[in-house]
Amino acid sequence: MSHANYGIAKHRFDTLVIGAGGGGLRAALQLAQAEATVAVVSKVFPTRSHTVAAQGGMNAALANVSPDNWHWHMYDTVKGSDYLGDQDAIEYMCRAASRLVIELEHMGVPFSRLDNGKIYQRPFGGQSQNFGGAQAARTCAAADRTGHAILHSLYQQNIRAKTHFFDEFFAVDLLLDDEGYVLGALVLEIETGEPLIIEAKTTLLATGGVGQLFRTNTNAAINTGDGMGMALRAGIPVQDMEFFQFHPTGIAGKGMLMSEGARGEGGYLINKDGERFMERYAPQAKDLASRDVVSRAIATEVREGRGCGEKGDYVLLKLDHLDPEVIMKRLPGIRDMAMTFAHVDPIDKPIPVFPTAHYTMGGIPTDRFGQVVVPVNQGAAEPVPGLYAVGECACVSVHGANRLGGNSLLDIVVFGRAAGNKITEYLGESRYHRPMGRQYVDKALGHLARWDKRGKGESVGALRDALQRTMEHYCGVFRIENVLAEGLAKVLEIEKRLEDVRLQDHSKIFNTARIEALELENLVSLAVATVTSALARQESRGAHTRIDYPDRDDERWLKHTLFYREGRRLDYKPVTTKPLTVDSFPPKPRVY
Amino acid sequence: MRFSIYRYNPETDKAPYMQDVELTEIRPDMMLLDALRELKKNDETLSFRFSCGEGVCGSDALNINGRNGLSCITPLSSLAEPIQVRPLPGMPVIRDLVVDLTQFYKHYRSIEPYLIVHDPVPEEEFLQTPEQREKLDGLYECILCGACSTACPSFWWNPELFRGPAALLQSYRFLADSRDQATADRLQALEGPYRLFRCHTIMNCAEVCPKGLNPTRAIGEIKKLLLKHII
Ligand SMILES: Cc1cc2nc3c(=O)[nH]c(=O)nc-3n(C[C@H](O)[C@H](O)[C@H](O)COP(=O)(O)OP(=O)(O)OC[C@H]3O[C@@H](n4cnc5c(N)ncnc54)[C@H](O)[C@@H]3O)c2cc1C
Ligand code: SF4
Ligand code: FES
């Protein structure tokens, strides 16, 4: 550590990884093996990262349970994405999947097992054999704690690799030089309140999603989209933000996730008449249709008066017909959570559920090597030198307009590893750190200093509540022009109000109020991005359902949205429909 | 509802104190974490850790009415008033309810908490029967919340020497894994009067673990293995 830069501590590494979820940790491991010096910064102790909450599992065509191959997995992913996914990246991911699951198993992940000793796989939504045929069982699971199992194993492997961790450090802003090279980041040590500079030849954003945009969500409080916010402030766009996944089965009114694995193990949904209504919406796949399809079906049941309960505002997830042994062995975490938060034991009674904000399909635009890429002067996309992104904060895009369950845990390890490799390559060509000018740091320090202003003003908590309610009301499962337009006006007003927010707590030591303020800034900028992108897209595709434009419109809208902060500018870029080696899957009507 | 909350900000307070506060709007079903977050809306200086809100990340272990537990899965309705909320016992307090867990994590790292395999790895997965895999249940689910170790008198008295229930549970998680090949080294590293043998089966750990895990039992299993190993 040195203090060369005007009193602020400075650290220097080859690579700075921001985020210690599955994406960041997998990349860090790859880099450690390449003997690069790596700093991993995380605002929470690594195993508290949100990957820990993933339940159902991770997809790979191991064919341990049903016949399977990566090409079928690829087809399902392209179809699931409503054809907005980039097929080169999807092919890459699905081909790599088996190898990466095996690698995780070798690292110690305690996958559940089949009688023959192989990894247990369960059916998940949107999975088929033979390009749309019978249901496949492709999701590798450690009971219903797969994320926990994977995150802990990856952290443990990083302990073994002696990765350098900065636990409970909050990344405030990227540091860029005049030529647009990313030189590292300004971070805040939460315990002491001291800012410090981490200089790095390469910086990887792995900061996760932004589920806190919505009031009822399945996400942890820390999922505030900080990496995307940092990118936006650095002039980098975010891609496809209008595609936000609502998971069909969050505990009604509360949001805790009841994994798709519950339906994979044989559970199904019923309305107030006890009807298994998914049979009407998806005759073949039924309860295991894609998430967007099931969420819309539930919302429709409720809107049309077939919801359950006094207010008719939820449906029921039925598991009580299953062997209790299956529930206790395969879904112990779900059962615990249902008992704690919904006060029902799923062995005896069905669980009240409703679609709940869950997953950010959009994010920082990258290629399949994890390089952040931005179109230059209306031309082709080019890498932002020194900057990489993986995981839920990135948009490769392998999930397109709708992510398949089990593909995100896969995404984070596949592209965490790929980014690690690409960074290693870059480090081989870039021997020295570029000079860190004072002016680059000053901008970020100015941003931080904004929160030192004293006096009366609105509170962070109140404005965050207002934002989350606005997003839920104006930008939920069903969308329509006039409501979105009103929503945009509201979030812009919130953006204005943000200027008048003041902290009451100005202490340095473990000031969580300051952290929440910095997070709120990120949330607000992403709310603006999301509503603006949603208002512009005049079609229904995947998770983006426009009542006024009920059909998918490939002619006009088979393209990715890019939102820039400056002037709230929108731009578009083509979808990569050409895979790496196989034939393209052209858009087709999507039925399940 | 009345609360009595441990407050300490080293920048402004000479000594810690208990602050009495009241929350009037209590929703049915509210968890302690919900209440703390409501209180923070009125007084943003109140500091505590939390994240997932559903008992899986292990951020928010606190001492609640004298017992360690996670605030996010502790219903207010289960608590007698005034609800006493304190930081985890025996750990240095950074501020309010936030403690320094460095020592706790150090013990975790010291037990080599990763699978160690000496043989070349197979092309496919290691095979493990469902019965072998079942041995890991009750072990791998640990969320490192620290509730157990900080409820353990042996840990309070020998924080640097005794590994503590959480780390030992993890040690057994690898000893019990049919894939791991470092049994002898792991056991050897736990020999001596302190690291393992300071456990006096007081059982506080198993009683407070919010995931229903039983570190005492795991410690007993390690002792058995050690005995077998020595013979
Ligand atoms: C309840 C739930 C269940 C799920 N189940 C599944 C499943 O079964 N299968 C599946 O495939 N997917 C599942 N998902 C999705 C999947 O878990 C996530 O998309 C994935 O884990 C994200 O990983 P990540 O590495 O990108 O980010 P995260 O795990 O969210 O990690 C983000 C990291 O960034 C750090 N960070 C963020 N901002 C900052 C900052 N400003 N400064 C410093 N550090 C910062 C955080 O501390 C954290 O370490 C589930 C998601 C949820 C919410
Ligand atoms: S054993 Fe239980 S109490 Fe101890 S750290 Fe693990 S989860 Fe927490
Ligand atoms: S907040 Fe994650 S365990 Fe309580």
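The values are calculated or read from the model by the stated rules, or taken from the named source; none is laboratory data. Owing to the predicted nature of the structure, the values given are computational and were not obtained by experimental measurement. For neighbour counting, all protein chains shown are included, and Cβ atoms are generated from backbone atoms with ideal geometry for every residue, glycine included. These area figures cover heavy atoms from the full protein model, side chains too; ligands, DNA and RNA do not enter into them. Shrake-Rupley method; radii C 1.70, N 1.55, O 1.52, S 1.80 Å.
How large a share of the accessible area of the protein assembly as shown, in percent, is made up of carbon and sulfur atoms when the probe is 1.4 Å and the other protein chains stay in place?
Ligands and nucleic acids excluded, carbon and sulfur give 50 percent.
What value does segment A:527-592 have for Rg/Rh, both radii from Cα atoms and Rh as Kirkwood defines it?
Reported Rg/Rh (Cα atoms, Kirkwood Rh): 1.02.
Can you flag which of A:LYS318/A:LYS559; A:LYS329/B:LYS41; A:LYS490/A:LYS573; A:LYS79/A:LYS201 are past 30 Å Cα-Cα?
Checking Cα-Cα distances, A:LYS318/A:LYS559; A:LYS329/B:LYS41; A:LYS79/A:LYS201 exceed 30 Å.
Which percent of the Cα-Cα distances in segment A:98-149 go past 15 Å?
Distances greater than 15 Å cover 51 percent of the Cα pairs.
Rounded to the nearest 500 deg cm²/dmol, what is the calculated helix-only ellipticity per residue at 222 nm for chain B, with -39500 (n - 2.57) per DSSP H run of length n ≥ 4?
Taken over chain B, the calculation gives -8000 deg cm²/dmol.
Shielding by partners for B:153-159, please: the mean number of other protein chain Cβ atoms within 10 Å of each residue's Cβ.
Mean partner shielding for this stretch: 0.
Starting from the Cα gyration tensor of segment B:55-174, multiply each eigenvalue by 5, take the square root, and state the resulting semi-axes largest first in whole Å.
They are 33, 18, 11 Å, listed largest first.
GNM on chain B, C-alpha springs below 10 Å: top fluctuator among B:ASP13, B:ASP96, B:ASP137?
B:ASP13
Sort B:ILE26, B:ILE73, A:ILE222 by accessible area with a 1.4 Å probe, largest first.
Accessible-area ranking of B:ILE26, B:ILE73, A:ILE222, largest first: B:ILE26, B:ILE73, A:ILE222.
Considering only DSSP beta bridges where both residues belong to the protein assembly as shown, give the percentage that are antiparallel (nearest 5).
Just about 70 percent of them are antiparallel.
Keeping all protein chains in position, work out how much accessible area B:PHE197 exposes to a 1.4 Å probe, and write it in Å² to the nearest 10.
Counting only protein heavy atoms, the figure is 90 Å².
Which of the peptides A:568-579, A:162-173 is most tightly packed, and how do the rest follow, judged by the mean count of other Cβ atoms within 10 Å per residue?
A:162-173, A:568-579
Which net charge results when you count Lys and Arg as +1 and Asp and Glu as -1 among the other residues whose beta-carbon is under 11 Å from that of B:PRO122?
My count for the surroundings of B:PRO122 gives -4.
Can you give the accessible area of B:HIS200 in Å² (nearest 10), computed on protein heavy atoms with a 1.4 Å probe?
Looks like 110 Å² after rounding.
Please sort A:582-589, B:107-114, A:483-490 by packing, taking for each peptide the average over its residues of neighbouring beta carbons within 10 angstrom, highest first.
Top to bottom by mean Cβ count within 10 Å: B:107-114, A:483-490, A:582-589.
For segment B:1-104, which GluC sites (Glu not before Pro) pass both filters: DSSP loop (anything but H, G, I, E, B) and at most 15 other C-beta atoms within 10 Å?
B:GLU11, B:GLU25
Putting +1 on Lys and Arg Cβ atoms and -1 on Asp and Glu Cβ atoms, find which of A:LEU186, A:TYR440, B:LEU115 reaches farthest to the positive end of the dipole of the protein assembly as shown.
With unit charges placed on the Cβ atoms, the residue in question is B:LEU115.
Against the empirical 2.2 N^0.38 Å scaling, what ratio does the C-alpha Rg of the protein assembly as shown come to?
Taking N as the residue count of the protein assembly as shown, the ratio is 0.90.
Can you tell me the accessible area per residue over chain A, all protein chains present, probe 1.4 angstrom, in square angstrom?
Result: 33 Å² per residue.
Mind checking which of B:CYS52, A:TYR92, A:THR576 is farthest towards the positive end of the protein assembly as shown's charge dipole, using Cβ charges of +1 (Lys, Arg) and -1 (Asp, Glu) about the Cα centre?
Highest projection toward the positive end goes to B:CYS52.
In debye, nearest 20: dipole of the protein assembly as shown around its Cα centre with unit charges on the Cβ of K, R (+) and D, E (-)?
Once rounded to the nearest 20, the dipole reads 680 debye.
Helix-only estimate, please: 222 nm mean residue ellipticity of chain A, summing -39500 (n - 2.57) across DSSP H runs of length 4 or more and dividing by its residues, to the nearest 500.
After summing the helix terms and dividing by the residues of chain A, the value is -10500 deg cm²/dmol.
With a 1.4 Å probe and all protein chains kept in place, how much accessible area does B:LEU39 have, in Å² rounded to the nearest 10?
Result for B:LEU39: roughly 10 Å² accessible.
How many percent of DSSP beta bridges within segment A:38-175 run antiparallel, rounded to 5?
In segment A:38-175, DSSP labels about 60 percent of beta bridges as antiparallel.
Tell me the GluC sites (Glu not before Pro) within segment B:59-128 that lie in a loop according to DSSP and have at most 13 other beta-carbon atoms within 10 Å.
B:GLU123
Work out the mean other chain Cβ neighbour count within 10 Å for the residues of B:118-129 and drop it here as an integer.
The shielding value for this peptide is 5.
I'd like to verify something in chain A: which complete DSSP H helices, judged by Cα projection on the helix axis, reach 30 Å or more and average at least -1.0 on the Kyte-Doolittle scale?
Sorted by number, the helices that extend far enough and score high enough are A:407-429, A:512-536.
In whole percent, what relative contact order does chain A give with Cα contacts below 8 Å and a gap of six or more residues?
Computed value for chain A: 21 percent relative contact order.
Counting partner chain Cβ atoms within 10 Å of every residue's Cβ in B:137-147, what's the average?
4
What does the buried accessible surface come to for B and A, summed over both chains, with the probe at 1.4 Å? Round to 100 Å².
4900
Rg/Rh for segment A:9-91: what does it come to with C-alpha atoms and Rh from Kirkwood?
Computed over Cα atoms, the ratio is 1.10.
Of A:PRO332, A:MET256, A:MET241, which is farthest along the charge dipole of segment A:230-377 in the positive direction, counting Lys and Arg as +1 and Asp and Glu as -1 at C-beta?
A:MET241
Taking chain B as a Gaussian network, where each spring joins two C-alpha atoms under 10 Å apart, which residue of B:PRO122, B:PRO159, B:PRO92 fluctuates the most?
Looking only at B:PRO122, B:PRO159, B:PRO92, the biggest GNM fluctuation is shown by B:PRO122.
Give the peptides A:82-89, A:132-139 in descending order of average Cβ contacts within 10 Å, highest first.
My ranking of the peptides, most packed first, is A:82-89, A:132-139.
With a probe of 1.4 Å, find how much accessible area chain B has per residue, and write the answer as a whole number in Å².
So chain B comes to 44 Å² accessible per residue, rounded to a whole number.
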